[in-house]
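Report on the structure given below.
Each reported figure results from applying straightforward, stated rules to the coordinates on display, with no laboratory input. What you see is a predicted model; the values in this text were computed from it and never measured. Cβ placement follows ideal geometry from the backbone for every residue including glycine, while neighbour counts extend to all protein chains displayed.
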Amino acid sequence: MKALLLIDIQNDFVPGGALAVPGGADIIPLVNRLQPHFDLVVATQDWHPAGHLSFASSHPGQQQYDRIELYGLAQVLWPDHCVQGTAGAELHPALDQHRIEAIFRKGMAREIDSYSGFFDNGHRRSTGLAAYLRGRDVTEVYLAGLAADYCVFYSAKDARGQGFSTFVIEDATRAISPEGFEQARAELHQLGGRVVHSRELLG
Ligand code: VGL
Ligand code: ZN
């Protein structure tokens, strides 16, 4: 079975949002066209409590996008984003949700960030996504959404690590930085993941 994972297609990650990914909203019509080509569609949602320690505002004296160490893990300090219950945390209104069977939330623990939809950044706690996919006989995981160099990339790495055949749909994602995406592409290749274009799927 083939699953489409829609990563963090939320208001805060598109232009006008708190942590806008350049061109982030442009993927949504394509994401909607892709959905019927999969057996299962699952979404993730970045879902932070106010005062999350990935927010620069939680570290007086630090600036947005500074890099610090947080309980032994490298951490980029982000603008406040995807705060639980806010409009910025909602899935984008143009995203067709009718085929989304489950939404896995992440980033709820204040002390640790969670880029991947499978595990927090320390691989300490699982969201249950891998078990859910296995329970649905999924062997192939395709990823789309935001951002290519953070949550899509980390989710793809973990999908590989969990033994799924893994494909990032390059034109159905956008990166925070282009260099970040090129590095992610190389790392994913090394792990046996593939980057594909939507034309290979839409037929
Ligand atoms: C993301 C930074 C912080 C993402 C989430 O969805 O790529 N990036 N939180
Ligand atoms: Zn976040």
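Values as computed for the structure displayed
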| item | result |
| --- | --- |
| Any chance Q45 is under 16 Å from the mean Cα position of the chain (by Cα) and either within 11 Å of ligand 2 (Cβ to nearest atom) or outside any strand (DSSP E or B) (or both) | yes |
| Pairs where the first residue, in the range 174-186, is touching a residue at least 60 places away in the same chain (Cβ under 8 Å) and the second is within 16 Å of ligand 2 (Cβ to nearest atom) and charged (D, E, K, R), C-beta under 6 Å, 6+ apart | A175/D149; I176/D149 |
| Hits in the range 69-115 - residues which are surrounded by fewer than 16 Cβ atoms within 10 Å (Cβ to Cβ), away from ligand 2 (no atom under 15 Å from the Cβ) and outside any loop (DSSP other than H, G, I, E, B) | E69, A87, E101, A102, I103 |
| Top-ranked residue of the range 58-68 - restricted to ones that are more than 13 Å from ligand 2 (Cβ to nearest atom) and not in a loop (DSSP other than H, G, I, E, B), ranked as surrounded by the fewest Cβ atoms within 10 Å (Cβ to Cβ) | R67 |
